[in-house]
């Protein structure tokens, strides 16, 4: 990789803390040992995304993938760590530059009904941002929206309609059109096809791939669906309890996962196949991020856990060119 | 041929709404043998869930079963009295819903609810009912069942709740379980655990299962046979190998090609154009006609089920692969 990454995350962390309620504050004043409860949703994530690349981010609920996506999109401020945009720390940019950078990263959400204002017409939903940000003069807004709608495969005749008059797939297209209207370089797609029926999902995936080619977009594609991520992304990162446990080029990761959690996840994802199979699930459940296990967060469920795993957290290390994994096994049996 | 455990003949469930009659289920035929797992597959609005509810007489007004028969062990459940249905529900046919919070009462402990479920159908002592509940929880892989019986639903994770729902469904060793998208809301590793338990239990107890889902991948791993629904009708049925390996209905093929798969990475998916039609305003003849690339003039008439066997059939005038076989209609 010679080109500078378009986005570079360094030790990005997000903590959510819950303030104590009245009763708890009172109890603490009386001497009870109660602290603010903090959830570390994302812990020290390093990730760089090259221009034009599609990085898939996979994990189960509560692993922090959406929080990470929101930090990248600028919706949530990180608690610690840096986010570099084209090599420059966002916090060190002038307000105008930061504004510009934020505009260049847009987000497409999971549920288009929840993310589209039901009382606005499509023309306003898609047209508002480019007009406000001065990308398009107001009198040309309608033509611009029409062109954007055509780009995502919607009939511009729908300009005057409201979100409820569309089907789920069409609504998702409106959400994509809204993101594209401010001419972004990066799209953060958070479960953007999860709520759609299979046949519609395929249409939207195809749309994402076509847009990528036409507009040379960069994607951070967040999904719990391994099949979708494998299909669309160049590299895949697998998250578990706030950390990336494996990061590798997609074909290599799916052919030969290294981390035991990645293996388990790939083994258990049902695939369309003629053969009937027996499931051999990993035991246990995802631990609560309120009280994460010591050492490697996966050790209570890991079939290869050693004493060291509960004592020391494995670092994400490069185990082969462009392949990163966070597991102690790579050191004992490693190359 | 022996009488199957369940035979659904021409089932029609319509919803009489102000906007018109919604034919959610419009002539569905199914058959299920003892111990068999049937995957009932379809997209939203295809009528798969309503079919499952109709079998148990659980359709709420304005919905009504307006035609057809549901023969369960030879007895027609359509038109059976509420008293008779209550005796069958839970005991002979159990249901598992997508959201276990809908099944479980949030203000009663799991033990209370399970004991109640046992005593609803059998006159047994509380102690014995408790013991049976304990065994049922252990059977679905719940550790320390005694403590768990004293817990309340909110103390369980989503996957655990679904296990409890399955344990309740198993209490009376029913002949048939209807499971409506029970793993859709769960994570992959938890889903695998539930599928593992269900597969094991069906093998051990000989319980037949109807697994209602939109997920072809789950069905292909779990089921023996598959029925694919579109706009209120079964458009194709067959064994998993037949449906996955040799789909005949263009919709089934379209569904399969819409799923991203290993060997087509990065290649555009062959999606089905258009969207699922509104059941209020179905096209005449085959409902899939407007989205189908094989439709001809013949498709304006509703195709009958055709095929080699009763349990290997499709509803299409121009089935996939007909050219090669020379059996085009």
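All of the numbers you see were taken from the coordinates with simple rules; none came from a lab. What you see is a predicted model, and the numbers here were worked out from it, not measured in a lab. As a convention, Cβ positions derive from the backbone with ideal geometry for all residues, glycine included, and neighbour counts pool all protein chains shown.
Specify the angular offset, from 0 to 90 degrees and rounded to the nearest 10, of the alpha carbon long axis of helix B:158-170 from the longest principal axis of the alpha carbons in chain B. Around 80 degrees separate the two axes. Note on the range B:86-210: antiparallel DSSP beta bridges, both residues inside, total approximately 0 percent of the bridges counted.
Converting the Cα gyration tensor eigenvalues of the range B:140-298 into ellipsoid dimensions via √(5λ) gives semi-axes, longest first, of 36, 17, 16 Å.
Mean sequence separation of contacting Cα pairs (under 8 Å, at least six apart), scaled by the length of chain B, corresponds to a relative contact order of 20 percent. Hull volume per residue, based on the alpha-carbon atoms of the range B:2-93 and their convex hull, is 98 Å³. Residues B:148, B:34 in ascending order of nearby Cβ atoms (within 10 Å, fewest first): B:34, B:148. Against chain A, whose longest principal axis is taken from its Cα atoms, helix A:168-180 shows a tilt of about 80°.
Mind checking B:212-219 for the average number of partner chain beta-carbons within 10 Å of each residue's beta-carbon?
Mean partner shielding for this stretch: 3.
Under 4 °C and 1.567 mPa s, how fast does the range B:246-303 diffuse according to Stokes-Einstein, given a Kirkwood radius computed over C-alpha pairs? Answer in µm²/s, whole number. Answer from the Stokes-Einstein relation: 101 µm²/s. Residues considered: B:118, B:25, B:41. Largest GNM mean-square fluctuation over chain B, using C-alpha springs under 10 Å, is found at B:118. Computed from the C-alpha gyration tensor, the three semi-axes of the ellipsoid equivalent to the range B:204-329 are 23, 19, 16 Å, from longest to shortest.
Could you work out [θ]222 nm for chain B from helices alone, using -39500 (n - 2.57) per DSSP H run of at least four and dividing by all its residues? Round to the nearest 500 deg cm²/dmol. One gets -9000 deg cm²/dmol as the mean residue ellipticity at 222 nm.
Rounded to two decimals, the Cα-based Rg/Rh of the range B:140-180, with Kirkwood Rh, is 0.99.
Expressed in units of 2.2 N^0.38 Å, where N is the residue count, the Cα radius of gyration of the range A:153-213 is 1.11. Here the convex hull built on the C-alpha positions of the range A:1-120 has a volume of 185 cubic angstrom per residue.
Compared with the dominant principal axis of the Cα atoms in chain B, helix B:188-205 is inclined by about 80°.
For the range B:224-300 versus the range B:176-194, the inter-centroid distance based on Cα atoms is 24 Å. Of all DSSP-defined beta bridges confined to chain A, some 60% are antiparallel rather than parallel. Beta-bridge orientation, chain B: approximately 60 percent antiparallel, per DSSP, counting only bridges with both partners inside. A convex hull fitted around the alpha carbon atoms of chain B yields 152 Å³ per residue. Note on chain A: GNM, Cα springs under 10 Å; of A:136, A:245, A:182, the largest mean-square fluctuation is that of A:136.
Suppose a student asked you for the relative contact order of the range B:218-329, using Cα pairs under 8 Å spaced at least 6 residues apart; what percent would you report?
25
At what distance in angstrom do the alpha carbon centres of the range B:70-135 and the range A:70-113 lie from each other? Taking the Cα centre of the range A:70-113 as reference, the centre of the range B:70-135 is 53 Å away. Principal axis extents of the C-alpha atoms in the range B:23-154 (largest first, rounded to whole Å): 47, 32, 31. Look at the stretch B:193-202: the mean tally of other chain Cβ atoms within 10 Å of its residues' Cβ atoms is 3. Taking only the C-alpha atoms of chain A, the Rg (one decimal) and the largest Cα-Cα distance, Dmax (whole number), read 21.8, 68 Å. Computed over the alpha-carbon pairs of the protein assembly as shown, the distance histogram in 20 Å steps reads 16, 47, 33, 4, 0 percent, short to long. Contact order, relative form, for chain A: 19 percent (alpha carbon pairs under 8 Å, 6 or more residues apart, mean separation divided by residue count). Counted by neighbouring Cβ atoms within 10 Å, the residues A:94, A:66, A:310, B:295 run from fewest to most as A:94, A:310, B:295, A:66.
Once the gyration tensor of the Cα atoms in the range A:223-268 is diagonalised, the equivalent ellipsoid follows with semi-axes of 14, 12, 11 Å, ordered largest first.
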